[in-house]
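This report refers to the structure that appears directly beneath it.
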Amino acid sequence: QLQLVESGGGLVQPGGSLRLSCAASGFTLTYYAIGWFRQAPGKEREGVSCISATTYYADSVKGRFTISRDNSKITVYLQMNSLKPEDTAVYYCAASPSYSCSGYATRSSWGDYWGQGTQVTVSS
């Protein structure tokens, strides 16, 4: 069974850092595009970042967040620095076998596999 599991969320003060992990089981992520998304209460889901052959970032996180893969190709990370209260949300990862990030931020149907999410709270 193909699954994605997010981890690494938590409570952090403004200006702090967290590293989220998206781990695959049942498959490797080598030929998948992986997107990170977030959804805050009362707000629509937002595409935060995506990695395929290149990387993509939402303007709201550019320069603060970094997406990367590990060498084993079963984990994708989202390093989040200089966190702000408005970054508070449930963060999800998703995998697309098309190996394309095209539409990750705009198409609700993007991503064949989704994780269960991890809560990130930025508060003093």
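The values are calculated or read from the model by the stated rules, or taken from the named source; none is laboratory data. All values derive from a computational prediction rather than experimental measurement. All Cβ positions, even for glycine, are placed from backbone atoms using ideal geometry, and neighbour counts span all protein chains on display. The accessibility values were calculated without ligands, DNA or RNA, using every heavy atom of the protein model including side chains. Shrake-Rupley method; radii C 1.70, N 1.55, O 1.52, S 1.80 Å.
Summary of computed values
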| quantity | calculated |
| --- | --- |
| Kirkwood hydrodynamic radius of the range 25-117, from inverse mean 1/r over distinct Cα pairs, in Å | 13.4 Å |
| Per residue accessible area in Å² of the chain, where ligands, DNA and RNA are left out and the probe is 1.4 Å | 50 Å² |
| Rough spin-label spacing in nm, given labels placed 7 Å along Cα→Cβ, for residue 53 and residue 108 | 3.1 nm |
| Nearest-10 value in Å² for the accessible area of residue 122, using the 1.4 Å probe | 10 Å² |
| With every protein chain in place, the chain: carbon and sulfur % of accessible area (1.4 Å) | 48 percent |
| Potential lengthening between residue 17 and residue 66 on full extension [0.36 nm per residue; Cα-Cα distance subtracted] | 16.5 nm |
| ³J(HN,Hα) computed for each position of the range 19-24 - Karplus, 6.51 cos²θ - 1.76 cosθ + 1.60, integer Hz, glycine/proline x | 10, 8, 10, 10, 9, 9 |
| Derived scalar couplings ³J(HN,Hα) [the range 95-109; Karplus, 6.51 cos²θ - 1.76 cosθ + 1.60; whole Hz; x for Gly, Pro] | 10, 10, x, 6, 6, 10, 8, 4, x, 4, 8, 10, 9, 5, 8 |
| All lysines inside 16 Å of residue 62 as judged from Cα atoms, apart from same-chain residues fewer than 8 positions distant | 84 |
| Beta bridges per DSSP with both ends in the chain, % antiparallel, nearest 5 | 90 percent |
| In Å², nearest 10: area of residue 45 left accessible to a 1.4 Å probe | 90 Å² |
| Assigned charges on the beta-carbon of Lys, Arg, Asp, Glu; the chain dipole about Cα centre (debye) | 120 debye |
